[in-house]
Structure formats: C-alpha cells, structure tokens
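Written out below as structure tokens is the structure these notes cover.
The values are calculated or read from the model by the stated rules, or taken from the named source; none is laboratory data. This one's a predicted model, so the numbers in the text were calculated from it and none came from an experiment. Cβ sites come from the backbone with ideal geometry, for glycine too, and all protein chains shown count toward neighbours. Heads up: the accessible areas ignore ligands, DNA and RNA and are worked out on the full protein's heavy atoms, side chains in. Shrake-Rupley method; radii C 1.70, N 1.55, O 1.52, S 1.80 Å.
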Amino acid sequence: MPEPTLHFRKAVAAWAVLSVIGVLAIVLLLGPHMPPGRGSVEASQQTTTNILISSIMLPIAFAVWIFFGLALATFRQRGEQIVDGPPIVGNARIQASWIAGTTLIVLFLAAFGTYSLLDSAKGASGGGQGADPLVTPSGKALQVQVIGQQWAWTFRYPDNGGFETTHLMLPVGRLVELHVTSLDVIHSFWAYELGVKADAVPGSDNVAYVTAQKTETFSIRCAEVCGLWHGYMSTHGEVVSDTAFATWLQSEKSAMALATHGLPHYSPVYYPDPPRRAG
Ligand SMILES: [Cu+2]
C-alpha cells in the first residue's frame, strides 16, 4: 500500500488540475450564459459577480469532494476487526493554511463587495457628487414610474406629460430612474434581463436605477406573491435606440392624451379615494 503522503500529493495535484480546468470552463464557457446577462450595466455587474463567486466556489467544492474520496480510500476500515484510528493531536501546517485560506477568501469578498457597492452608488448618483442616490434625483436621468396593481403593471413618463401606458419602453445607453410604487398590495417589479428587482409598496416611492446596454426585449414579472393572479402579472418591455424612443414617446403621448386627461396628477405615490358614504 502506498504511503498516505503520496496519496495526498496526488490528490493535491488532481485538485489543482481540475480547478484550473473548471475555472477556465466557468469563465469561458459558462460565463457568457450566466444570469442575468449583459442587458444593462447593473445586470452586467451581477453577472460578473456570479462568475467570480462560481470561480471561487468550484475549487472549494473540488477540494471537499477530492478529500472525501481520499479519506474513503485511505482511512477506510480494512479486514474483520474494527479498530479506532490513531489519535490526531493537531497539525500546524493544515491549521495555519486553513485559517489563512478562509481569511483570504472572506476578506477578498468583503473588499470586492464594498467596492462594487460604492461603485454602483457612484454610477447611480450620476457621476458621484456624493449625493445619496436613493433620495436625490440626479436630474439627468430619465424618469419612469412603475406602478403595480392587482394584477398588471403600468408605466408613467412624468417628463412627457405624465401619460400612462402598459408598455415599458426604454432608450439604450441612458441612465433611467425607475420610481416603483403600488396602488394596492406589495408587488415586486422584476426586469430579469436588466438585473432590476424592486419592491412596489403602496404609499412608497422606491427608486431603482438602470442603464440598458443593448436593444432587446426583456421580461417583466411580479416577484412577490400578490394574490390570485400573481402569476399573470408578467409582460415584456423593450430597450430601443434613442431615435426610436423619441418617436415612440411622441406617438404614445398623443395616443394616450385623452386617458391622461382623466388620470390623477403625477405623484410619487397614489392613495385610493376615500370611500363614499351613503347619502
Ligand atoms: Cu404582483
């Protein structure tokens, strides 16, 4: 029977080879298909994070599986007699590398997460003037209001007379400020390909930023169980070129003119009219 050390060296070599192949496969083959894709700046950041985390996870998973196999092969009970293994009193090298390895991984992810968070906040406030992106509208961003209600999504464009439509149309390459709210219960606006998910809460103006990177049709779903027809609350939006967007704005604005006249004024939140009393 070969020495356990020899087994261990072979296992480490196998782990190293498998890890290199696996990480390359994740980055090159799986990476382009990782959710949510590269439809927007925000989605792209999430996709990069998914690729990074998977690339860190795979060597750890391989280490666990290979050590499991090694332990089964090396330390299994041989023969009839059941005996205890020799007592282990500690191994300075394994303990030190375990502490160093886990510390490095955790600190690296903490630094990466903090950097990403600060970076996306900077992008959302329109160039990082130190403004809180959640309370200060940038002024440069296109404002679109997303309204959830049982069981449909509607969208208002306050910069263009505040018309309301069932179509969400966005221009490519422009910062969009989505103001998500609800008329009844809590919904969740989820534009999968754009990497945007924001709660739609009645009486609350929830702001989410998105910059679409390519023209495409994207799916819109409700991601919060909101009643009987929750699953029916799905539709599609479209990212189009700047000129197509301008044309659409004009035609939609005039097509909706009559309906806009009967709408309540644009407001960050809407409350139902007080109930009328009999008499
Ligand atoms: Cu809903």
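Restricting attention to the range 25-34, which residues are open to solvent by less than 80 Å² (accessible area, probe 1.4 Å) and in contact (Cβ under 8 Å) with a residue 12 or more places away in the chain? It would help to see each step written out before you state the result.
As a first pass, look at the range 25-34 and keep what is open to solvent by less than 80 Å² (accessible area, probe 1.4 Å): 25-27, 31, 34.
Hits for the range 25-34 are I26, V27, G31, M34.
Looking at the range 35-48, is at least one residue among the aliphatic types (A, V, I, L, M), surrounded by 10 or more Cβ atoms within 10 Å (Cβ to Cβ) and without any contact (Cβ under 8 Å) to a residue 24 or more places away in the chain? The answer is no, given that none of the residues of the range 35-48 is among the aliphatic types (A, V, I, L, M), surrounded by 10 or more Cβ atoms within 10 Å (Cβ to Cβ) and without any contact (Cβ under 8 Å) to a residue 24 or more places away in the chain. Could you tell me whether any residue of the range 35-45 is closer than 30 Å to V196 by Cβ and acidic (D, E)? So far as the range 35-45 goes, yes, one or more of its residues are closer than 30 Å to V196 by Cβ and acidic (D, E).
For the range 28-40, does any single residue satisfy the condition of being more than 30 Å from V172 (Cα to Cα) and either within 35 Å of the chain's Cα centre (by Cα) or assigned to a helix (DSSP H, G or I) (or both)? Among the residues of the range 28-40, not one is more than 30 Å from V172 (Cα to Cα) and either within 35 Å of the chain's Cα centre (by Cα) or assigned to a helix (DSSP H, G or I) (or both), which makes the answer no. Against the test of being surrounded by fewer than 20 Cβ atoms within 10 Å (Cβ to Cβ) and over 20 Å from the mean Cα position of the chain (by Cα), the options G162, G173 yield a single qualifying residue, G162. Restricted to the range 198-207, and to residues there that are more than 10 Å from the ligand (Cβ to nearest atom) and more than 12 Å from the chain's Cα centre (by Cα), the residue that is nearest to A141 (Cα to Cα) is V207.
Restricting attention to the range 173-197, and to residues there that are among the small types (G, A, S) and away from the ligand (no atom under 16 Å from the Cβ), which single residue is nearest to A246 (Cα to Cα)?
G173
Figure legend. Inter-residue proximity from the range 1-24: first residues modelled with pLDDT of 85 or more, second residues polar (S, T, N, Q), beta-carbon distance below 7 Å, spacing 6+ or different chains. Indicated pairs: V23/S55. Inclusion of P275 among residues that are more than 19 Å from A152 (Cα to Cα), modelled with pLDDT under 95, part of a loop (DSSP other than H, G, I, E, B) and more than 16 Å from the ligand (Cβ to nearest atom) is warranted. The set of residues from the range 75-104 being surrounded by 10 or more Cβ atoms within 10 Å (Cβ to Cβ) and more than 43 Å from the chain's Cα centre (by Cα) comprises just one member, F75. Checking the structure you have, find out if any residue of the range 53-65 is exposed (fewer than 15 other Cβ atoms within 10 Å of the Cβ) and touching a residue at least 60 places away in the same chain (Cβ under 8 Å). Checked the range 53-65: no residue is exposed (fewer than 15 other Cβ atoms within 10 Å of the Cβ) and touching a residue at least 60 places away in the same chain (Cβ under 8 Å). Starting from residues that are farther than 14 Å from R174 by Cβ and open to solvent by 90 Å² or more (accessible area, probe 1.4 Å), keep the ones in the range 208-246 and report whichever is farthest from the ligand (Cβ to nearest atom). Here the residue is H236.
Within the bounds of the range 164-172, is there any residue that is of a type in the set (S, T, N, Q), in contact (Cβ under 8 Å) with a residue 24 or more places away in the chain and farther than 19 Å from A244 by Cα? Within the range 164-172, not a single residue is of a type in the set (S, T, N, Q), in contact (Cβ under 8 Å) with a residue 24 or more places away in the chain and farther than 19 Å from A244 by Cα.
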